[in-house]
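The values are calculated or read from the model by the stated rules, or taken from the named source; none is laboratory data. Since the model is a prediction, treat every value here as computed from it, not as a measurement. Cβ placement follows ideal geometry from the backbone for every residue including glycine, while neighbour counts extend to all protein chains displayed. Note: accessible area is taken over every heavy atom of the protein model, side chains too, but ligands, DNA and RNA are not part of it. Shrake-Rupley method; radii C 1.70, N 1.55, O 1.52, S 1.80 Å.
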Amino acid sequence: MTEDEVLYKVEAGVATITINRPMKYNALNSAVVKKIRELMKNAEEDDSVRAVILTGAGDKAFAAGADISEFKGKDSASVRPLAENGQDLCKYIESMSKPVIAAVNGFALGGGSEIAMSCDIRYASANAKFGQPEINLGIIPGFGGTVRLPRLVGLGLAKELVYTGDQIDAQEAYRIGLVNKVFDDCDSLYEAAKELAKKLAQKPGIALDAAKSSLNKAWTLPLGENLGFEVDVFCKTFDTEDMEEGVNAFLEKRKPEFKHK
Ligand code: COA
């Protein structure tokens, strides 16, 4: 991989990670997947970063899936690391204490859609297209698509998308709950993603982390255990300076200044 196949910048508390292989529709080769994982870790460990945006370079693609040229000659054993690395990246994004916004600016196919699904919030441009086209290659999703897609859109729709490999446009993705909002073009998408990230960067970090883990656990745990986890993390937020600041600011009718402590 050349160094600039994934770009990283931090501005006003927001880290932006950009997949930068526009000539290949930002297809995710193994090196790119590993680099995104490494940069997510940088963002997680940098205290000055409070929110992350993941996007693709250009106006054609967020990521058109795993790099199909890496599939040739692979068998069940040799392809395993590829799926495991992709899944590891998606799990890491979900485990991060900071919110990650996917700004989907074109095709989000296969692994592209799967990585977007592991982000906390998905914004899309009107030209975005989503799909799990793996079936057309004689394979199935391997970055968690058969697990996260039904949780986001329901089993029936997920089966239709995975069985047919068909693409859906941004409006349909919005209608079925796969994306939160759709914007007219890529510029307004980036602006909105930045606005949202900056807004989240102002929120108390410990409470955001608690909210993220509790909401994520709602996906996996039975109801009773979920509710117990929420009580635990709810109580923990009462031991933070941010809670004291938030409550005082409300009572003193002023804007809170959170320190993420
Ligand atoms: N892996 C490797 N290369 C890819 C790719 C992928 N997943 N998706 C696109 N590319 C490359 C193409 O090979 C082409 O490269 P080239 O110009 O060197 O030949 C370039 O990106 C542009 O793609 P092209 O197919 O010419 O553009 P298009 O506008 O006609 O179609 C797509 C765009 C995204 C619909 C089409 O490229 C596609 O179906 N890609 C594969 C999607 C997929 O199956 N993803 C899941 C993989 S598991």
Being within 14 Å of the ligand (Cβ to nearest atom) and outside any helix (DSSP H, G or I) narrows it down to one residue among Lys74, Lys98; which is it?
Lys74
When the residues of region 77-94 are narrowed to those that are surrounded by 15 or more Cβ atoms within 10 Å (Cβ to Cβ) and hydrophobic (A, V, I, L, M, F, W, C), which ends up farthest from the ligand (Cβ to nearest atom)?
Ile93
Can you say whether Ala210 is of a type in the set (Gly, Ala, Ser), assigned by TED's automatic domain parsing to the domain that holds Ile53, surrounded by 14 or more Cβ atoms within 10 Å (Cβ to Cβ) and touching a residue at least 24 places away in the same chain (Cβ under 8 Å), as far as the supplied structure shows?
no
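Would you mind finding the one in Gly13, Gly58 that is surrounded by 15 or more Cβ atoms within 10 Å (Cβ to Cβ) and closer than 23 Å to Ile168 by Cβ?
On inspection, the qualifying residue turns out to be Gly58.
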Do the conditions hold for Ala103, that is, is it more than 9 Å from the ligand (Cβ to nearest atom) and open to solvent by less than 10 Å² (accessible area, probe 1.4 Å)?
yes
Take Lys198 and tell me if it is closer than 26 Å to Glu114 by Cβ, in a helix (DSSP H, G or I) and either open to solvent by 20 Å² or more (accessible area, probe 1.4 Å) or modelled with pLDDT under 95 (or both).
no
Which numbered condition Thr146 fails, given (1) farther than 22 Å from Ile101 by Cβ; (2) surrounded by 15 or more Cβ atoms within 10 Å (Cβ to Cβ); (3) in contact (Cβ under 8 Å) with a residue 24 or more places away in the chain; (4) out of contact with any strand residue (DSSP E or B) (no Cβ under 9 Å at 6 or more places or on another chain):
(3)
Odd one out for Glu230 among (1) buried (at least 17 other Cβ atoms within 10 Å of the Cβ); (2) at pLDDT 95 or above
(2)
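Conditions (1) within 12 Å of the ligand (Cβ to nearest atom); (2) within 18 Å of the chain's Cα centre (by Cα); (3) open to solvent by 10 Å² or more (accessible area, probe 1.4 Å); (4) over 19 Å from Lys9 (Cα atoms), marked per residue:
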site	(1), (2), (3), (4)
Glu38	no, yes, yes, no
Asn42	no, yes, yes, no
Ser48	no, no, yes, no
Val52	no, yes, no, no
Glu70	yes, no, yes, yes
